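The values are calculated or read from the model by the stated rules, or taken from the named source; none is laboratory data. For clarity, every value in this text was computed on a predicted model and none was experimentally measured. Virtual Cβ from ideal backbone geometry, glycine too; neighbours counted across all protein chains shown. Side chains are part of the model used for accessible areas, which takes the heavy atoms of the whole protein and leaves out ligands, DNA and RNA. Shrake-Rupley method; radii C 1.70, N 1.55, O 1.52, S 1.80 Å.
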Amino acid sequence: FISFISNNFIEKIDNKKNISKKTGSIIESENLTIYSHSNRAFLSKIFIYPIKSCAGFEIINFWYLTNQGLQFDREWTLIDENNQAITQKKNSKLTSIKPEINLKEQKMIISAPNMADIEINLIQNLNENNLLSITVCSVSASGITYNDKINDWFSQVIGQKCKLIRKSLNNSRICLRKQFDNSNHERQSNITFSNESQYLLVTNASLNDLSQRIGKEINVKRFRPNFVIDSLTNLNNQNQNHNQNQNKNHNNNNNNNKNNHELNK
């Protein structure tokens, strides 16, 4: 995780300070501070989404990291009768399914409107003979199925026949991503049932800017991020300065064109 942040989001490292977080800590770091445009930024919220395309929940105290990202994040998915992963684009009722993980009791509690809660044991040894080949975001993957009782519960909630699948620990799902240093090198990431990366990050500054542009307040949960970053930098001031520079350049270009035109006369 530190390498991920360091490679993709750090512009300046200063005095080896800690990353601060309002709601808890998943990493205790003695050598990393995130900066944006020379102003300090900090990790304000962490979310995980145990079942792909279903509701997520906010991490309050701490969480674990694995070689696939945040533990249990998008480790499950629902598939249709064609073994295709079901997403909110195909069935908006997925948003009504609310899983929450209890690390102490090692179980996932899943709730939905007008339905009795169900529980899934996180350390349950699923039968690898039930391994299915499935498709997630047009990419082949594999997972282990649950029993009919659990599958029927989800089918009733979303109004279509489906199965709950958990990613097999014995099967890797690799995503290739280009680095951001213009080297055209690709890096391998081992992922769960997420679309194409281990983490999704958004900033509150960008979210506020978007809300102002469209005249409507946007909830950060609509973007389904894992990490939400707060910054002391005011994005509006950045945009204003950028626009002022553009206008200045535009005026300079107009003056240069006018002078050239007069010389040509």
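Rounded to the nearest 0.05, what FRET efficiency is calculated for Ile214 and Gln88 with R0 set to 22 Å and r the Cβ-Cβ distance?
The formula returns an efficiency of 0.60 here.
For Glu119 and Thr95, compute 0.36 nm times the residue count separating them, minus their Cα-Cα distance, and round to one decimal in nm.
Extra length available between Glu119 and Thr95 comes to 6.8 nm.
Could you list, in their original order, any pairs among Lys167/Lys221; Lys98/Lys161; Lys45/Lys163; Lys45/Lys167 whose Cα atoms are separated by more than 29 Å?
Beyond 29 Å between Cα atoms: Lys45/Lys163.
Please compute the modelled spin-label separation between Ile109 and Asn67, points set 7 Å along Cα→Cβ, answer in nm with one decimal.
Computed distance between label sites Asn67 and Ile109 equals 3.4 nm.
For Asp117, Asp73, Asp80, what's the largest-to-smallest order of accessible area, 1.4 Å probe?
Final ranking, largest accessible area leading: Asp117, Asp80, Asp73.
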